[in-house]
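Quick note: the coordinates plus some simple rules give every number you see, no bench work behind them. The structure presented is a predicted model; accordingly, all values stated were derived computationally and were not measured. Glycine gets a Cβ as well: all are built from the backbone with ideal geometry, and neighbour counts include every protein chain shown.
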Amino acid sequence: MKRQPLDATLSQLEQQHLKRRRTTVDAFVEHGNRVMTMAGGRTLVDFSSNDYLGLAHHPAIAAAMSECAARCGAGSGASHLVTGHGVEHARLEEELAAFTGRERAVLFSTGYMANLGVITALAGRGELVLLDRLSHASLIDGALLSGARFKRYAHADVAAAERALAESSEDAAVVATDGVFSMDGDVAPLRQLARAAKAHRAWLVVDDAHGLGVLGASGRGSLEQFGLSCDDAPVLIGTLGKAFGSFGAFVAGASDLIEFLIQKARPYIYTTALPQPVAAATRKALELVQREPWRRERVLALTARFKKAAGAAAVALADSNTPIQPVVLGSSEAALLAQQELLEAGFWVVAIRPPTVPKGSERLRITLSAAHSEEQVDALVEHLSRIHVRQQAACE
Ligand SMILES: *Cc1c(COP(=O)(O)O)cnc(C)c1O
């Protein structure tokens, strides 16, 4: 793009109902009630964060962070390969390896960077990277950056993935998928994908940003739910800013894979290490994830309650049993209108529009948290059903 005034593009976004807006949040309070206070003082019930276990504002996690900051300072000073790799990072990596049942784990600053790092390290120029059509943007960007040939198969369509693998003259380098799809809440067909990837000697990369801490008998995520081993799914990516309520990400796998990433993943090598207080906060969060299974049980129970009530109120839900519950409205205008109506009723539910979701599938993306109360969930469904009724009336 040549240098030129940008206001034409910006006003076009506005006209197409595609302009994004940031909302400034002042504080969150939780006493069994998940609410957020906006700058200006208005209080809303938040149904848009990925804080599934209600840990993001947990006082013990904040205390672990400030205690570490007092001891180690706020900044890590350099990258992990220079002087930035601290004791808290090392311990957290060991604990994440133990939690996921893998030989080793390595921390990345963000999930976005972990995905760029993994795909660019594992996929060479001209090799095949195969992605689900609804994969997270960071997996797509990793594939683009790698210079690999990159193909997307229809969402959750294992037969299509197998066809693409079979058509490729050489073995694929990487098959990558979200474990739980971030905008749809459904779980990838991981068992079949693992079989297909293994048959074609490809690395299966599972980005379990939304499964970790939530799914599986002990919160170890979608791989635990399907009973898949490190051999089945050799590259596990987890993010720490969602169910763990902290910040950062990690990759867990065999020792040689992790050592290879430390040597080769450029978004790991060429960036300042996470602040140690962030790692200390995550260690406390990991402890709570394991010690308080009621959080996982509660968010899943609230999800079931939401689905049951929404079904009874004829709100059209997607095929998701995770705390991500999309209500597809089909246009950006309708989604923004619904967001506005819910805002007026005291709920913060963000409209999700292209390019985050395909055109025609614009939606409200509702997320449940262990920190919600039953009353908040019921009240949301009641307001949703009114919007739904009005939408139907408008279509007739
Ligand atoms: C949020 C998310 C990421 C990015 O993680 P960050 O730590 O926020 O950068 C990657 N993959 C998926 C599926 C996500 O939902």
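Shown for Asp208, Asp7, Asp186: other C-beta atoms within 10 Å of each C-beta, ranked fewest to most, produce the order Asp7, Asp186, Asp208. The count of lysine pairs in the stretch 59-291 that are at least 8 places apart or cross chains, and whose C-alpha atoms lie under 27 Å apart, stands at 5. Near Arg386: Cβ cut-off under 12 Å, other residues only, Lys/Arg at +1 and Asp/Glu at -1. The net charge is -2. With both labels modelled 7 Å from their Cα along Cα-to-Cβ, the Val82 to Trp294 distance reads 4.7 nm. Among the trypsin sites (Lys or Arg not before Pro) in the stretch 1-105, those placed in a DSSP loop whose Cβ has at most 12 other Cβ atoms within 10 Å are Lys2, Arg3, Arg20, Arg21, Arg22, Arg42. Which loop chymotrypsin sites (Phe, Trp or Tyr not before Pro) in the stretch 267-338, with loop taken from DSSP, have no more than 12 other Cβ atoms within 10 angstrom of their Cβ? Filter output for the stretch 267-338: Tyr270. Other residues within the sphere of radius under 12 Å centred on the Cβ of Cys68, judged by their own Cβ, net out at +2 (K and R +1, D and E -1). Listing Lys284, Lys151, Lys242 from fewest to most neighbouring C-beta atoms within 10 Å gives Lys151, Lys284, Lys242. Just to confirm a number: summing +1 for Lys and Arg and -1 for Asp and Glu over residues other than Arg191 whose beta-carbon lies under 12 angstrom from that of Arg191, what do you get? Here the count lands on +1. Test of the criteria: in the stretch 183-228, which trypsin sites (Lys or Arg not before Pro) are in a DSSP loop and have at most 13 other Cβ atoms within 10 angstrom of their Cβ? Taking the stretch 183-228 and a limit of 13 other Cβ atoms within 10 Å, the loop trypsin sites (Lys or Arg not before Pro) found are Arg201.
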